[in-house]
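A short write-up of the structure that comes next.
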4 protein chains.
Amino acid sequence: MKKRYETIVIGGGIIGVSIAYHLAKAGKQTAVFESGEVGKKASRAAAGMLGAHAECDKPGTFFEFARASQTAYKRLTAELKSVSGIDIRRHDGGILKLAFTESDRARLMEMAALDSAEWLTPQEVYEKEPHAAKGILGANFIRDDVHVEPISVCRAFAKGAKLFGADIFEYAPVFSIEAAAGGGVRIQTASGAAEADHAVIASGVWSGVFFQQLGLNKRFYPVKGECLSVWNDSIPLTRTLYHDHCYIVPRHSGKLVIGATMKAGDWNEQPDADGIEAVMKKAKTMLPRIGGLKIDRCWAGLRPETEDGNPYIGRHPENDSILFAAGHFRNGILLAPATGEMITDMILSRPIEPAWEEAFKVDRKEAVHK
Amino acid sequence: MKKRYETIVIGGGIIGVSIAYHLAKAGKQTAVFESGEVGKKASRAAAGMLGAHAECDKPGTFFEFARASQTAYKRLTAELKSVSGIDIRRHDGGILKLAFTESDRARLMEMAALDSAEWLTPQEVYEKEPHAAKGILGANFIRDDVHVEPISVCRAFAKGAKLFGADIFEYAPVFSIEAAAGGGVRIQTASGAAEADHAVIASGVWSGVFFQQLGLNKRFYPVKGECLSVWNDSIPLTRTLYHDHCYIVPRHSGKLVIGATMKAGDWNEQPDADGIEAVMKKAKTMLPRIGGLKIDRCWAGLRPETEDGNPYIGRHPENDSILFAAGHFRNGILLAPATGEMITDMILSRPIEPAWEEAFKVDRKEAVHK
Amino acid sequence: MKKRYETIVIGGGIIGVSIAYHLAKAGKQTAVFESGEVGKKASRAAAGMLGAHAECDKPGTFFEFARASQTAYKRLTAELKSVSGIDIRRHDGGILKLAFTESDRARLMEMAALDSAEWLTPQEVYEKEPHAAKGILGANFIRDDVHVEPISVCRAFAKGAKLFGADIFEYAPVFSIEAAAGGGVRIQTASGAAEADHAVIASGVWSGVFFQQLGLNKRFYPVKGECLSVWNDSIPLTRTLYHDHCYIVPRHSGKLVIGATMKAGDWNEQPDADGIEAVMKKAKTMLPRIGGLKIDRCWAGLRPETEDGNPYIGRHPENDSILFAAGHFRNGILLAPATGEMITDMILSRPIEPAWEEAFKVDRKEAVHK
Amino acid sequence: MKKRYETIVIGGGIIGVSIAYHLAKAGKQTAVFESGEVGKKASRAAAGMLGAHAECDKPGTFFEFARASQTAYKRLTAELKSVSGIDIRRHDGGILKLAFTESDRARLMEMAALDSAEWLTPQEVYEKEPHAAKGILGANFIRDDVHVEPISVCRAFAKGAKLFGADIFEYAPVFSIEAAAGGGVRIQTASGAAEADHAVIASGVWSGVFFQQLGLNKRFYPVKGECLSVWNDSIPLTRTLYHDHCYIVPRHSGKLVIGATMKAGDWNEQPDADGIEAVMKKAKTMLPRIGGLKIDRCWAGLRPETEDGNPYIGRHPENDSILFAAGHFRNGILLAPATGEMITDMILSRPIEPAWEEAFKVDRKEAVHK
């Protein structure tokens, strides 16, 4: 371990390794400190939907940022494969946001007005996905809301960052961060201290402690999601099905990923029997035949929620050496590229889109989303 | 592989390796041919309850045989550990057969008259297991219906048999069996033929084909059982809970084994999502807090059912070289020791309990059970 | 289960499901009977190299057949994704057959004369793969010898066949095959008998029994291969490295697959400690830094070798209802498409390339390969 | 989470949960904060040898303490089973410390003088373990150096503590510890702060940061150990074999646990290919046939080494609210009971054996061991 870097990133989830990738590619001496293994906590647990539309109920700043990140994935798919040899398994089927009730339909219609969305009648839905449940009142089809395999994205970013010269320290929990005597910042890990010109806090729901250590009273709330996967050896399904924050995502491998519960305040990263039962039940309301498929495995992860539901992406209000990139809630996979670019631009003093800077700054007063 | 054995056993499940163990211990040159790995099919899938009482609704020949086998396990626990070094993880808590309805109570009372059973009032049940569901009308407590870990029993029998000189061939499917030219029997495997003075068919639900090849028109029916296990880190529970063919078995490891569905005619050995959901639901009717425990894993196995529900244990009616030990349905783990001894006694021309011989012989006309 | 099909395929490895896919696509009523799960035995164990050049030391009929199959994969990659939704994870880096000795070099030069191969000097090798071991005398680079993920190919073929109307029976071991009373063939499984106009034996090394049952004295020999995979988080490597029947295959996932031992006559499908140690050691002679990577998992599989090293692909000499497609040795993944097409052409009475028919027919007298 | 406990334990490895168990049993309101899952780091990685003799080269204070802990396990085996329902899988075969060279023999002889040890001639060794490698010059046999299954010990302590009223928080990393405003101590976790009268640092190799935060300059060094297990289906072996810090431990399950490398300074908790290869090689020098057994799995863990090789067990020199129990190096499993009792005695102001207090106190000047 070097004793001094240009930038230290705390957290090796998808946000942290995206930042490291973009910084290292820009020639900055970068190190990531991850308490366990890269991408093995909330990132791996995610289904990987690039749901710019799926996760928004209406257009606005958040949606614009999400769209920019979604677009960045198009470029990154080939770039990461070329740099790292790793395929992020982009799946292009798009998503069907299903309406089962009139109120679903009304809500979905708001987004259907966008060019990137297309409203489908029930008949059109069943033509596309004949095994969807009976009784659908229509669906919003968004071709651009594709999905990727999150752990592969993490591995690709991390390996890419390494090959551009970054250090990635796994099994390296950070305990504290403070202003360094000679300028910049200093972190404390089990294996010693390290310093840097800049540090970026990218520790998901575990970021709250570092905010506190740095004098900021921002809280993070875990919203645990429990998931399972099954082997789809017989149902033709090419689009993600989505309803009421539950989804069925068809992977290239032949698996279907099914998620997820929403258990606020639960810090335990293991699924329990009730949670898996609840997810299965919900999935059958969208795709009844899914109950007959073989179970692959069950897991859980913690979505990092903030007070207003938006991530913090920006500088410390009083210390330019410290940056934050945490609190992406359900959107960490989607927003990783744009977050990595935005933090890199800040560190390199490049111009930032003012609306985004304003929306995600740490000392904001109001929510722009929800 | 030798070309000639005294006895060949077809099938390396718990029945087959028990037979091999008892034969090898008696000095017979024995070989087991198993299509996959020892004990990895129906045997491993079982919860391992030695449910002489749990599985019987009334006393009789089947019950007597089951009790004899249950008793044999007492001796075998120490013997197998000494011979093989493997502990079969006997768990001594006994079983509570719960009554939730008046008809449950009436049925359970029939067995409660036995010395080995004890009727408990609701209050007595809750004193023993305070986390059992509300609304219980009483329970039949059977101290002797303990449980073991089936895969460990299989490994212990198999290793014990080897150390007594037997050959255990794994990954050795048998395709056919026939009378050998020079007397005895001849089997055909992928890696060649082998002969023996005696052959024992112990292939569980897959035994039907061999019966047919040997001129006997006996059918076997799979009844698939789907199970899961959870980690019990907090609920005091020392007895198996049992109701309506569903059970919660507390292992020494801290796991609870929960089973099982009854899917007749399903030959697929993997669990599906519906099955696991159904088992969880049923378990919660007995132990509501179980839903909050962490999932360990899910699996399935095929119980081998016969036309009258009893196993076939005995000689071919027309060929003394051929014996059968198959069709143990829900009772394979329980009956393995007595079956192993009975087949060994037959091959060694020792006397057999006439009632058992009659009850389990292959050419019987009527059911003694159910 | 229907009682009568047009074609029954015995064996759900990659050969069996390729045949089923091609037949079902051609509109034939087809059923596959697989003793375990599709692709889970030798197919899954393979590294998936489409090594038309890698596995041949000189041009000839076998090479031509292999090249045709390799070419078929180009079409199939997109077709299978479209039909089944499953991506077979084709990896396009090609292969480097390394020369460490003068005799290596001489042997490799024979293939280097082909248009599809390219001889590289040591310097050129290190430019392409800077982490290859020191001391290389050159390498044969074959761009077309790409690789796929075998289990995904199997799943794609099987799901595709199903969607074209085929039945795929898993956990359905076949015990015997014979001429049916009313013409065609009859097989016996644990769950009953089935008949068909044609049957294809595609059971890999386990095919010998069926040859025997059908009056043909052809033997199959297992050559067990033990493998492991490691996570490559840091070494840039884009091509398969190959030397002395050992290989390091870079997967899109970031894993390196390392194989394989050659243990003739070993029917056990599990790896042992010695085997894994031997493979690791060999891999380090090609890529020294591989020893520092984290282990993913270990496994083994049985390559089906025939007397002359070539597969049997063709009709029974005396019974047109019976066909064989077995004994592909190290080349099952590579040859699956061409084998599936050739068997389909035979059943549909389409013309076959005479040289291939002659080379692979069951009653051939001499080897064309090795 | 309560806001105030009597004692907070930081770390849910075997040391932490032993302390919590003993405190809760004594009626103290106790909470454990564990960053991941109970016992899943170094504790689970250990083989579980209670090697009071195996790990000491000569008698002395350390040895006396180890013997006391070894003896405590005798009582705990039954107690933990009764309290928690979990069996810690004590295996009573003892250990053979093998001498292959004259210098081995000389060193082993020092301990052989103890009543609890027995020197065996080569012939006596081979009578006990006929499959041990040729060329042994003798062995020290210690019957009391039995072994347990560490993860089961951890689960039993943790569940027992819970049932005595303790709170066990998993997935609860602690970031800092400091004196609380109103007396006692205050810790900061991701999910909030908690206070207590006493805190015990029991975080293994990760304890160094907390020492520092509390003003003590003690360093901890990881010594990574890589292990594998194989399935012993055929070798009679009832004693642990030990030589040159390498061991082969026969489990009740039929597995052999083989360990371990000694990689100083490596914080990564995953095994690499080189490490596993090295361990296998060493194991074969003791038990040649082990190479033919099937691999079960591979893993690694970090032993926490201190500057003088002894653990720190005692109070903070200047703050009675803070205690330490960390740095048990290779002896965490062995020393867990005595450490738990000693810390509990300190908190309850019971008398402590002065020699132990002196040997393990935090502000000691010299090593008593090594």
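The values are calculated or read from the model by the stated rules, or taken from the named source; none is laboratory data. It should be emphasised that the depicted structure is a prediction, and the values quoted were computed from it without experimental measurement. Here the Cβ positions follow ideal geometry from the backbone for every residue, glycine too, while neighbour counts run over all protein chains shown.
In table form, for the structure just shown:
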{"item": "Selection status of A:Glu118, under 28 Å from A:Ala72 (Cα atoms), surrounded by fewer than 19 Cβ atoms within 10 Å (Cβ to Cβ) and more than 14 Å from chain D (Cβ to nearest Cβ)", "result": "yes"}
{"item": "Qualifying positions in the range B:25-49 - assigned to a loop (DSSP other than H, G, I, E, B), more than 17 Å from B:Met342 (Cβ to Cβ) and not charged (D, E, K, R)", "result": "B:Gly27, B:Gln29, B:Ser35, B:Gly36, B:Val38, B:Gly39, B:Ala46, B:Ala47, B:Gly48"}
{"item": "Residue satisfying all of: in the range D:191-211; more than 23 Å from the chain's Cα centre (by Cα) and within 14 Å of chain A (Cβ to nearest Cβ); surrounded by the fewest Cβ atoms within 10 Å (Cβ to Cβ) among these", "result": "D:Gly192"}
{"item": "Hits in the range A:14-30 (condition: more than 14 Å from every other protein chain (Cβ to nearest Cβ) and crowded, with 24+ Cβ neighbours inside 10 Å)", "result": "A:Ile14, A:Ile15, A:Gly16, A:Ser18, A:Ile19, A:His22, A:Leu23, A:Thr30"}
{"item": "Options D:Ala46, D:Ala52: the member that is touching a Lys or Arg at 6+ places or on another chain (Cβ under 7 Å), touching a residue at least 24 places away in the same chain (Cβ under 8 Å), surrounded by 24 or more Cβ atoms within 10 Å (Cβ to Cβ) and not assigned by TED's automatic domain parsing to the domain that holds D:Arg239", "result": "D:Ala52"}
{"item": "Residue list for the range D:79-93, restricted to those being facing chain B (nearest Cβ under 8 Å) and among the β-branched types (Val, Ile, Thr)", "result": "D:Ile86"}
{"item": "Subset of the range C:212-243 (residues that are outside any strand (DSSP E or B), within 11 Å of another protein chain (Cβ to nearest Cβ) and over 30 Å from A:Glu37 (Cα atoms))", "result": "C:Gln212, C:Gln213, C:Arg219, C:Phe220"}
{"item": "Test: C:Ala194 is closer than 22 Å to C:Gly13 by Cα, assigned to a loop (DSSP other than H, G, I, E, B) and modelled with pLDDT of 95 or more", "result": "no"}
{"item": "Search result, residues across the range A:160-189 that are closer than 30 Å to C:Pro130 by Cα and either at pLDDT below 95 or within 14 Å of chain D (Cβ to nearest Cβ) (or both)", "result": "A:Asp167, A:Ile168, A:Phe169, A:Glu170, A:Tyr171, A:Ala172"}
{"item": "Some residue of the range B:36-47 being of a type in the set (D, E, K, R) and more than 14 Å from chain C (Cβ to nearest Cβ)", "result": "yes"}
{"item": "Which listed residue, of B:Ser176, B:Ser203, is touching a Phe, Trp or Tyr at 6+ places or on another chain (Cβ under 8 Å) and touching a residue at least 60 places away in the same chain (Cβ under 8 Å)", "result": "B:Ser203"}
{"item": "Any hit, the range A:285-293, residues being crowded, with 19+ Cβ neighbours inside 10 Å and at the interface with chain B (Cβ under 10 Å from one of its Cβ atoms)", "result": "yes"}
{"item": "Single condition B:Ile352 does not satisfy, out of (1) assigned by TED's automatic domain parsing to the domain that holds B:His22; (2) modelled with pLDDT under 95; (3) not small (Gly, Ala, Ser)", "result": "(2)"}
{"item": "Where C:Glu110 falls short, out of the listed (1) over 20 Å from the mean Cα position of the chain (by Cα); (2) within 22 Å of C:Glu129 (Cα to Cα)", "result": "(2)"}
{"item": "Residue list for the range A:50-64, restricted to those being among the β-branched types (Val, Ile, Thr) and assigned to a loop (DSSP other than H, G, I, E, B)", "result": "none"}
{"item": "Of the criteria (1) in the same structural domain as A:Ala46 (by TED's automatic domain parsing); (2) among the β-branched types (Val, Ile, Thr); (3) assigned to a loop (DSSP other than H, G, I, E, B), which one A:Val205 fails", "result": "(3)"}
{"item": "Qualifying residue in the range A:149-159 (condition: within 14 Å of chain D (Cβ to nearest Cβ) and either at positive phi or among the aromatic types (Phe, Trp, Tyr) (or both))", "result": "no"}
{"item": "Count of residues meeting criterion [free of Cβ contacts under 8 Å to residues at least 40 places away in the same chain and either crowded, with 17+ Cβ neighbours inside 10 Å or part of a helix (DSSP H, G or I) (or both)] in the range D:104-115", "result": "5"}
{"item": "Single residue of the range A:244-278 satisfying the filter (small (Gly, Ala, Ser) and closer than 17 Å to A:Arg330 by Cα) that is nearest to the other protein chains (Cβ to nearest Cβ)", "result": "A:Gly265"}
{"item": "Filter result (surrounded by 15 or more Cβ atoms within 10 Å (Cβ to Cβ), touching a residue at least 60 places away in the same chain (Cβ under 8 Å) and small (Gly, Ala, Ser)) within the range C:314-370", "result": "C:Ser321, C:Ala325, C:Ala326, C:Gly327, C:Gly332, C:Ala336, C:Ala338, C:Gly340, C:Ala359"}
